[in-house]
Amino acid sequence: HILFLQYDFGGWMPNTPISLQLPPPTTKGQTTEATMLNTLPDVNATVQGMATLWLLSQQSTDFVSVKTKLCVCSTCLTGKCWLSNVPF
């Protein structure tokens, strides 16, 4: 997954457009509003990009934190396994 809060930023299409219909401007101050609007993707591409970003920013149902100790051997359960001393 991506960072969970990434959708908060990327969900607003001008922050992270999924595609551009025209090349990006090369000269500062020479772009008009019409050129910018024609450069941004159409609504279908935007919705698909936002849906993908939303899906990837959700926590999966089988998520295991890095801090969770994955070893459940009988030695670990007694606290004597070498993995139980590994700092997470």
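Coordinate-derived values only; no laboratory data. Here the structure is a predicted model, which means the values were calculated and not measured. Here the Cβ positions follow ideal geometry from the backbone for every residue, glycine too, while neighbour counts run over all protein chains shown.
Distance between the pseudo-spin-label points of Gln6 and Val47 (7 Å out from Cα toward the beta carbon): 2.3 nm. Packing around the peptides 47-55, 14-22, 29-37, taken as the average count of other Cβ atoms within 10 Å per residue, puts them in this order, highest first: 47-55, 14-22, 29-37. Computed from label points 7 Å out along Cα-Cβ, the spacing between Leu20 and Met36 is 1.4 nm.
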